[in-house]
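Taken together, the values in this text are just the output of simple stated rules run on the coordinates, not laboratory data. Computed from a predicted model, the values in this text were never measured in an experiment. Cβ atoms come from the backbone with ideal geometry, glycine included; neighbour counts cover every protein chain shown.
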Ligand SMILES: Cc1ncc(C[n+]2csc(CCOP(=O)(O)OP(=O)(O)O)c2C)c(N)n1
Ligand SMILES: [Mg+2]
C-alpha cells in the first residue's frame with residue numbers, strides 16, 4: 001500500500017526527532033559526563049524509521065547498536081532512553097545496561113547483544129516462537145555490515161530459511177565495521193547477495209531514502225506474515241560520525257568521503273520531497289524542529305534529575321529465579 005501524506009509527515013517527524021536526540025547526546029557526551037559512550041546513528045536514521053514505521057505493535061524488533069530510530073518508533077520514550085544513557089534508575093533497563101542494549105517486553109523490543117551479530121539468532125528464535133505459537137507476528141532484526149561476516153548471521157539465516165520463519169533481517173550497511181572499510185572484508189558487491197545462499201530474497205535499497213526502506217521492509221513483512229519465510233533487506237547508508245565519540249581523527253577514511261555522503265542526508269531528502277510536493281510548508285518544518293527540540297530538552301532534564309539505582313537493586317532482573325525457587 002502506498003504511503004499517505006500523513007505517513008510521510010509522521011516519518012519526517014521521527015527522522016527529525018532521531019537526529020536531534022543523537023546530536024544532543026554528541027554535544028553533551030563530554031560536557032555533561034554522560035557515562036554511556038555514544039555510537040551515533042547520525043546519517044543512518046532512515047533505516048530504523050522506514051523499517052519500523054508501519055509495523056504492528058505486537059511485532060518484535062531487535063535493534064543494533066546504532067538503531068536509535070527503531071527504539072523511538074517502537075515507543076521507548078526519549079526520556080527513558082536518555083536516562084539509560086545517564087545510567088539512571090528511570091532508564092529502560094534501570095541503569096543496568098547501555099541504551100543500545102535496552103529492551104522492553106511490552107513494547108516488543110528485544111535487548112540487543114554487545115556481541116556483534118549475537119542478536120541475529122535471538123531474533124530468529126523469536127520468529128521460531130511466533131511460528132510455533134501459530135501467530136502471524138513478525139520479528140525484525142537490525143545488524144551492521146560487519147555483523148554479516150559473523151557465524152551467527154550465517155547460522156541464523158540458514159535456520160530461518162529452512163524453517164520458513166517470519167523474520168526480516170535488516171542490514172544497516174554504513175560502509176564500515178569500526179575502522180575497517182567494507183571493501184576490505186566483503187568480497188562481493190552486496191551483503192544482500194548472501195541471501196541467495198539461503199534461498200531467501202535479498203533486496204538492496206537506498207538506506208537514506210526512508211520511503212524506499214519502508215516499502216522494501218513492508219513487502220518483506222507481508223511475506224513473513226503470510227508464511228512465506230524470511231528476507232534480507234540491505235540498506236546502503238553511511239555514518240557521519242566516528243564509530244563512537246572516542247573515535248578521534250577517523251584516520252581510516254577521507255574527509256571528502258564523509259562530505260559526499262552528507263549531501264545525501266536522509267532528513268533533507270524527505271524534507272525536500274515534502275516541501276516541493278506541497279505536503280508541508282517551511283513553517284511546519286520549523287514547528288516540527290521546535291517540537292522535537294523541546295522533547296529532547298525534556299529528556300535531558302528528566303535524565304539529569306533522575307536518581308541512580310539503589311545498590312540493593314543490583315541483582316534485580318540480573319538472574320531468573322530458578323524453577324522451584326531459591327535454595
Ligand atoms: C564479536 C565482537 N567483535 C568485536 C566487537 C567490537 N565492535 C563493536 S561494534 C563493532 C563494529 C561492527 O560493525 P558493523 O556490524 O558494521 O556495525 P556498525 O558499528 O557499523 O553499525 C565492533 C568491531 C564486538 N562488540 N563483538
Ligand atoms: Mg557498519
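Quick one: grab the alpha carbon gyration tensor of region 255-327, order the square roots of its eigenvalues as a ≥ b ≥ c, and give me rounded if a/c is under 1.5, else prolate or oblate depending on whether a/b is larger than b/c. In terms of gyration-tensor shape, prolate. The modelled label-to-label distance for the pair residue 106/residue 7, using points 7 Å beyond Cα in the direction of Cβ, is 2.8 nm. Kirkwood radius for region 199-327, taken over all pairs of different Cα atoms as the inverse mean of 1/r, rounds to 20.1 Å. If both residues of a DSSP beta bridge must be in region 113-240, then about 10% of such bridges are antiparallel. Secondary-structure-derived ellipticity at 222 nm for the chain, considering helices only, amounts to -13000 deg cm²/dmol, per-run term -39500 (n - 2.57) for DSSP H runs with n ≥ 4.
Looking at the chain, the DSSP beta bridges with both ends there are about 10 percent antiparallel.
Taking other Cβ atoms within 10 Å as a rough exposure proxy, 198, 185 sort from fewest to most as 185, 198.
Rounded to the nearest whole angstrom, the semi-axes of the ellipsoid equivalent to region 16-98, taken from the Cα gyration tensor as √(5λ), stand at 21, 15, 9, largest first. Oblate is the label for region 92-209, because a/c, from the alpha-carbon gyration tensor with a ≥ b ≥ c as root eigenvalues, is 1.5 or above and a/b does not exceed b/c. Is the C-alpha gyration tensor of region 139-179 telling us rounded, prolate or oblate? Criteria: a/c under 1.5 is rounded; beyond that, a/b larger than b/c is prolate, otherwise oblate. The shape class here is oblate.
Ordering 293, 277 by the number of other Cβ atoms within 10 Å of each residue's own Cβ, fewest first, gives 277, 293. Put in order of Cβ neighbour count within 10 Å, fewest first, the listed residues 179, 113, 64, 4 become 4, 179, 113, 64.
Share of pairwise Cα-Cα distances greater than 26 Å in the chain is 47 percent (whole percent). For the pair residue 226 and residue 115, a Förster radius of 41 Å applied to the C-beta separation gives a FRET efficiency near 0.80, rounded to the nearest 0.05. Taking label positions 7 Å along the Cα-Cβ direction at both residue 155 and residue 283, the computed distance is 5.9 nm, reported to one decimal.
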